[in-house]
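Every number here is computed from the coordinates shown, using simple stated rules; none is lab data. What you see is a predicted model, and the numbers here were worked out from it, not measured in a lab. For neighbour counting, all protein chains shown are included, and Cβ atoms are generated from backbone atoms with ideal geometry for every residue, glycine included.
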Amino acid sequence: MKNLLALTFTAQLSVLWPSVSHSADFAAYEQKFPLKGKKDFHAVLEEGEALLTQSTLTAQQRTYVLHRTALHLVRLGEYNRAQHRLDALAIHLSAHPDDSMQGKYHWVSGDLAYRLSDIQTAQTHFIRASEFFSRTQDWRMLSHSHRMIANAVAKGSPDLGAIEHVTLAKHYAELDNNIPLHNAAFDTEARIYKLFGQLDRALKSRQTQLDWLKKQKAPNKDSVSATYYGLAEIFIDFGDHQAALNAFKQSYQYDQQMNERLYMGQNQIRIGEQYLRLNDLNSARAAFEQAKAINETLSHKRNLGWAIAGLGRVALAKKNYSQAAELIGQGLNLITSDSNPELYLKHLVMYANALSHQNPNLAIEKLEPSFKPMPTGTMVEAAKVLAFAYQQQPDFASALRYQTQATELLEQQAEQSRLTRLEAKKRDTELHLETLKVNQLQSGLDEQKRQNKLQSVILAAAIIVLLNFFLMFYLYHLKKRKVMEKETAVLNQALTLKQQLLADVSHELRTPLTVLKLNIEALQHNLITDPDATYTLMQSRLSMLNTLIADIYELAQADTHSLQLDLHTRPAKALFDELLSAIQPLVAQNDLTLNAQNTLSETLEVTCDINRMHQIFNNLARNSCHYSNKPGQVSVTIAQQDEQLVCHFEDSSPGVSDEDLPRLTERLYRCDKSRSRDLGGSGLGLSICQKLTELHQGHLSLSHSSLGGLRVTLTLPLTARAPSGD
């Protein structure tokens with residue numbers, strides 16, 4: 001029908017302007033519009049440029065060609081040429097006014113400004129375009145205009161007034177009976193809600209869009225697939241990976257029906273990622289394998305690299321670090337930082353993670369140049385990977401520096417999250433007001449005859465809402481002030497603790513460093529009569545420094561939840577007999593007597609990290625050796641209470657005061673001189689024991705010992721061993 005009308009219009013032009021010798025060329029050019037599907041924009045642009053050189057074009061024909069060539073230049077990204085062409089069109093329209101073409105001039109000008117990020121200019125042009133299309137009652141272009149106004153408003157500032165224009169875009173698309181435009185308006189609505197952090201409304205919009213699409217006589221499968229994909233993205237933001245997985249699978253099924261292999265491959269990648277989140281490694285591997293096979297047939301480098309890297313992530317989850325590094329490295333070479341910097345950086349961190357377990361130097365070399373202290377999930381993981389890699393070297397100072405950065409970035413993320421939640425609450429209040437405006441607008445579009453009556457009702461509602469808004473605003477600021485006061489108090493307390501910790505660490509480092517400096521100067525000036533003894537003393541002080549740094553780093557790992565346990569289930573009695581045997585020589589060489597009693601049943605089992613349990617017992621034993629008078633006693637009793645294992649670790653005098661007792665697990669806390677750390681401890685042993693016990697789902701407490709010293713009580717969960725069959 002449209003082609004028939006174009007031919008009729010061309011025939012009329014040939015009658016009105018018989019001197020036009022190239023009307024056939026124009027007719028052929030005109031019939032190529034409107035554009036649908038993939039077109040060769042360069043070829044069509046060349047045809048239009050050739051037509052503009054012809055002096056025989058009518059004013060209407062020249063207007064048409066100027067508009068179309070400007071549109072093509074914008075789509076091809078030739079923005080300077082597009083602006084010159086639009087300037088020529090504006091001059092031409094001033095001499096030959098045409099409301100429809102005036103609207104299209106402003107629409108293309110708005111599109112150009114939008115692509116150049118000149119949002120205010122874009123918004124102005126789109127509003128002017130809607131005014132001209134209202135005069136001509138061009139519902140299709142009116143829908144386009146209001147949808148682009150919504151995009152410009154949302155991109156320019158967090159203004160939920162954009163939803164009003166989305167509502168108008170839907171309305172005019174419905175008047176034009178234009179399903180693709182109506183669907184595009186739904187897409188814009190969901191994107192705006194998601195941009196403003198209103199995930200529940202974005203989800204509702206997508207679900208409404210899906211229901212609306214399925215009610216159509218012939219639902220567009222491509223649109224349904226894209227809507228399911230958008231739903232999955234929102235579910236990911238909610239953290240509901242099972243729902244996201246189901247949505248991606250639905251999207252994949254529609255792509256499969258249309259044989260859209262590009263989107264099939266990408267959907268399988270996203271499906272694999274959700275399986276990884278759900279810890280279903282076999283299903284994740286199958287999805288990534290399928291994505292790899294699809295993208296190999298398409299020769300799509302980025303998605304192929306993404307799929308191969310996904311297989312590497314599965315290997316990484318299985319702790320197969322060699323295979324993980326090889327696969328993720330292959331994927332990185334195909335993704336490249338130029339094509340998708342964010343995706344590349346995310347996988348670079350995973351690549352370095354895999355390398356850090358086998359080749360920490362290479363991991364540092366690959367990742368460190370890309371590390372930036374920004375509060376993003378990727379950078380937090382990067383800091384943790386670098387900390388682990390430096391620990392493997394071992395370079396505890398660098399490891400501690402990156403572990404500290406990871407902690408700081410996590411704190412910044414938490415603060416950003418808090419501010420985002422406050423902003424979301426504020427926008428939610430604004431959105432309630434905006435909803436009234438949208439409802440008012442929809443009522444006006446549906447029933448224009450009742451406008452006068454509705455105005456009085458809306459005015460009363462607006463007054464009530466305004467009063468509620470001011471009340472909510474007042475309560476919000478009142479609550480915010482209280483929260484800020486509380487946060488200030490907590491922050492001041494944290495700063496005080498931080499300053500105390502820094503002072504204690506400085507003291508702990510200064511003492512051995514001073515001893516080292518004095519001995520080095522004495523050696524330098526030949527003031528030492530026994531160099532070997534001096535070297536032994538210096539080695540002892542260096543060992544103390546290294547122990548202190550290692551202990552501080554281990555506590556920093558525990559604070560950022562980076563300390564992982566290698567859990568195994570062992571018979572409880574045999575394990576604790578082994579732990580007691582391990583500390584026997586240490587206790588004996590310090591002139592202490594070990595009295596041990598293990599009454600656990602042979603049928604009981606305990607799940608723990610055996611190396612960490614040795615560390616706990618070794619720390620407790622060293623604590624007793626350092627701070628007990630010689631000769632002395634160490635008593636260890638291990639028994640079952642209900643479903644728990646209870647271990648009492650006691651030593652002889654001297655003891656600690658009631659005031660000092662609850663503070664012994666504080667880091668670097670100084671007690672009286674009888675339990676001074678000058679005897680060799682780092683001051684962090686009990687703190688580490690407490691952290692490791694908590695990681696084992698246990699509890700550590702301190703009390704006075706009947707032997708005159710300190711009593712440490714360790715509680716761990718137990719399980720009964722199933723009887724073996726005959």
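Annotations
- Ranked by how many other beta carbons lie within 10 Å on average, peptides 410-417, 700-707 from highest: 700-707, 410-417
- Förster-model FRET efficiency, 60 Å R0, Asn333 and Ser706, C-beta, rounded to 0.05: 0.35
- Here the simple spin-label model places points 7 Å from the Cα toward Cβ, and for Asp660 and Gln392 these points are separated by 4.2 nm.
- Here the ratio of the Cα radius of gyration of the stretch 63-130 to 2.2 N^0.38 Å is 1.00.
- Rounded to whole numbers, the Karplus 3J(HN,Hα) couplings from phi for the stretch 695-709 are 5, 8, 6, x, 9, 10, 9, 10, 7, 7, 8, 5, 7, x, x Hz, using 6.51 cos²θ - 1.76 cosθ + 1.60 with θ = phi - 60°, and x at Gly and Pro.
- Ranked Trp107, Trp139, criterion: other C-beta atoms within 10 Å, fewest first: Trp139, Trp107
- With each label modelled as a point 7 angstrom along the Cα→C-beta vector, the Tyr474-Leu565 pair spans 5.3 nm.
- In units of the rule-of-thumb radius 2.2 N^0.38 Å, the stretch 568-720 shows an alpha carbon radius of gyration of 0.99.
- Long-range HN-HN contacts of Val634 with modeled amide H, under 5 Å: Thr593, Leu594, Asn595
- The stretch 198-209 - phi-based ³J(HN,Hα) in whole Hz, Karplus 6.51/-1.76/1.60, Gly and Pro as x: 8, 5, 5, 6, 4, 5, 4, 4, 5, 5, 5, 4
- Protection proxy ranking of 258-266, 563-571 - average other beta-carbon atoms within 10 Å, highest first: 258-266, 563-571
- Each residue of the stretch 300-316 is assigned a 3J(HN,Hα), and the resulting list reads 8, 4, 4, 5, 5, x, 4, 5, 5, 4, x, 4, x, 5, 5, 4, 5 Hz, derived from the Karplus form 6.51 cos²θ - 1.76 cosθ + 1.60 (θ = phi - 60°), x at Gly and Pro.
- Across the alpha-carbon atoms of the stretch 220-355, the computed radius of gyration and Dmax are 14.3, 46 angstrom.
- Each peptide among 520-533, 190-203, 41-54 gets the average number of other Cβ atoms lying within 10 Å of its residues, and from highest to lowest they stand as 190-203, 41-54, 520-533.
- Take the Cα of Ala720, go 7 Å toward its beta carbon, and the backbone nitrogen atoms of the stretch 598-620 under 18 Å from that spot belong to 600-607.
- Model label zone, Ala43; criterion: amide N under 18 Å from point 7 Å along Cα-to-beta-carbon; scope the stretch 50-90: 50-51, 69, 72-73, 76
- Every pair of different Cα atoms in the stretch 579-624 enters the Kirkwood calculation, which places the hydrodynamic radius at 11.9 Å.
- Ranking of Ile464, Ile688 by count of other Cβ atoms within 10 Å, fewest first: Ile464, Ile688
- Backbone amide hydrogens, once placed in the peptide plane, bring Leu710 within less than 5 Å of Asp651, Ser705, excluding anything fewer than 5 places away on its chain.
- For the stretch 568-720, a crude dipole built from +1 on the beta carbon of Lys and Arg and -1 on the beta carbon of Asp and Glu, taken about the Cα centre, is about 460 debye to the nearest 20.
- The stretch 620-650 and the stretch 61-103 have their alpha-carbon centroids 88 Å apart.
- Length released on extending from Gln31 to Leu362, taking residue separation times 0.36 nm less the Cα-Cα span: 113.1 nm
- Per-residue Cβ neighbour rank within 10 angstrom, fewest leading, Glu365, Glu485: Glu485, Glu365
- In a fully extended conformation the segment linking Gln137 and Lys517 would gain 127.9 nm over its present Cα-Cα distance, using 0.36 nm per residue.
- Between Thr376 and Ala639, full extension at 0.36 nm per residue minus the direct alpha carbon distance yields a gain of 90.0 nm.
- Size check on the stretch 206-250: the Cα extents along the three principal axes, sorted descending, read 34, 17, 11 Å.
- Taking amide H positions as modeled 1.01 Å from N, with prolines and chain starts lacking one, the residues under 5 Å from Asp609 and 5 or more places away or on another chain are His568.
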